């Protein structure tokens with residue numbers, strides 16, 4: 001609870017700071033950030049191309065039924081980000097399109113995961129991975145403003161980077177609390193470091209010849225145990241214990257981003273391939289130099305509420321001012337992964353979900369969502385476990401319901417209900433029901 005007190009003191013200090021300038025409580029409350037505009041310094045930095053910010057998120061979750069033990073758990077995530085627009089900062093138009101980015105975080109709290117018995121991929125809270133302080137990213141990105149008459153035709157990015165942030169892009173996943181939606185996505189269970197804790201040297205190249213099609217590829221250093229808590233995200237020399245175990249990490253993805261129908265509803269349909277070039281053994285003891293996976297993604301906004309048109313004094317809509325589409329409406333997302341079953345724990349995984357923004361009248365910024373994820377364990381693994389006398393894992397899943405109450409632009413509280421199917425995959429642990437809430441503040 002000490003961290004909650006720190007957040008409260010920070011907010012109180014912000015309010016008190018506003019008392020010394022010509023700003024009202026209402027201005028602060030309706031602003032974008034809990035720490036305000038820093039007496040004008042924040043806007044000044046943005047004008048010069050420097051964006052600095054942070055956020056705090058915390059999960060308060062109870063395992064109320066099933067699992068291993070009925071207990072409460074708390075964990076949180078503090079993050080600081082820095083983004084620099086080099087052209088704005090230097091005034092050189094020649095470097096327009098070049099940006100620099102860096103971030104780091106701190107995670108604390110014991111969490112509820114250990115009381116549920118689920119595997120790491122299906123853990124109720126994502127904030128148990130990569131605990132304590134962690135250096136995350138530091139890289140540069142250049143996007144061509146215009147090349148051969150096409151805007152943003154080419155993007156080149158590289159440095160100390162996490163591929164997770166640039167491939168299988170599904171923003172709606174971050175709305176949910178369970179680790180499989182927010183981070184793991186079935187890939188982490190197979191030894192491919194997929195989540196917010198991995199960092200490595202490398203980069204990606206993206207080609208976007210039209211506004212609706214793209215193709216991209218990434219090449220990185222594959223660092224065994226790169227997401228280990230003890231390295232704090234600073235394994236810059238790779239796997240130093242045995243450099244020969246370092247390999248190559250290759251990703252390729254192509255997709256279309258159409259705008260469907262008269263309302264131009266945005267969507268993303270993509271397919272990709274992952275190659276993790278680290279030595280491993282199959283369930284029958286054979287040596288392999290890599291793990292591979294294929295994935296397919298389909299995201300689509302299904303319905304978007306129109307914005308009200310201009311109205312005369314009698315309240316009737318003006319005929320020549322039709323309603324314009326807003327950001328409220330219903331959106332769908334889904335992902336399917338396939339991997340060879342001889343050396344991957346979960347060769348088949350999928351998740352899907354729906355999120356509606358502005359479902360309740362007068363609560364236009366609130367969001368309601370439901371999502372389901374399922375992972376089927378390898379038949380090869382089941383035979384190997386049976387021969388070794390270990391419990392046999394068959395499948396694991398989770399169903400999650402959320403409703404985010406947007407208190408201000410910079411603060412929210414989100415009640416959560418999760419029902420975990422066969423935690424741990426063996427059937428020896430009862431299905432678990434986890435309830436609670438997540439809260440967040442943007443500083």
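Every read-out reported here was derived from the displayed coordinates using simple, explicitly stated rules and does not represent laboratory data. The model shown is predicted, which means the values in this text are computed figures rather than measured ones. Counting neighbours? That spans all protein chains shown, and the Cβs are built from the backbone with ideal geometry, glycine included.
Rule-of-thumb check for the stretch 109-265: C-alpha Rg over 2.2 N^0.38 Å?
It is 1.18.
Which residue, 184, 91, 226, tops the fluctuation ranking in a GNM of the chain built on C-alpha contacts under 10 Å?
91
Rounded to the nearest 500 deg cm²/dmol, what is the calculated helix-only ellipticity per residue at 222 nm for the chain, with -39500 (n - 2.57) per DSSP H run of length n ≥ 4?
Result for the chain: -3000 deg cm²/dmol, rounded to the nearest 500.
What relative contact order, as a whole-number percentage, does the chain give when Cα pairs under 8 Å and 6 or more residues apart are counted?
Taking the mean separation of contacting Cα pairs over the length of the chain, I get 14 percent.
Using Cα springs under 10 Å in a Gaussian network model of the chain, which residue among 338, 175, 236 shows the largest mean-square fluctuation?
The residue that fluctuates most here is 236.
Between residue 211 and residue 399, how high is the FRET efficiency from 1/(1 + (r/R0)^6) when r is the Cβ-Cβ distance and R₀ = 41 Å? Nearest 0.05.
Once rounded, the FRET efficiency stands at 0.70.
Would you mind calculating the gained length between residue 300 and residue 237 on full extension (0.36 nm times residue separation, minus the Cα-Cα distance), in nm to one decimal?
Extra length from residue 300 to residue 237 when fully extended: 18.6 nm.
Could you please state, rounded to a whole Å, how far the C-alpha centre of the stretch 243-273 is from the C-alpha centre of the stretch 93-107?
Centre-to-centre (Cα) distance: 22 Å.
Choose one answer from 57, 240, 304: the residue with the largest mean-square fluctuation in a GNM of the chain with alpha-carbon springs under 10 Å.
Highest fluctuation among the options: 240.
In the stretch 153-174, which residues have a backbone nitrogen under 19 Å from the label point lying 7 Å from residue 256's Cα in the Cα-to-Cβ direction?
It comes to 168-169, nothing else.
If a/c stays under 1.5 just call it rounded; otherwise compare a/b with b/c (prolate if a/b is bigger, oblate if not). Do that for the stretch 164-205, with a ≥ b ≥ c from the square roots of the Cα gyration tensor eigenvalues.
In terms of gyration-tensor shape, oblate.
Just how far, in whole angstrom, is the stretch 108-130 from the stretch 199-215 if you go by their alpha carbon centroids?
Value for the Cα centre distance between the two parts: 32 Å.
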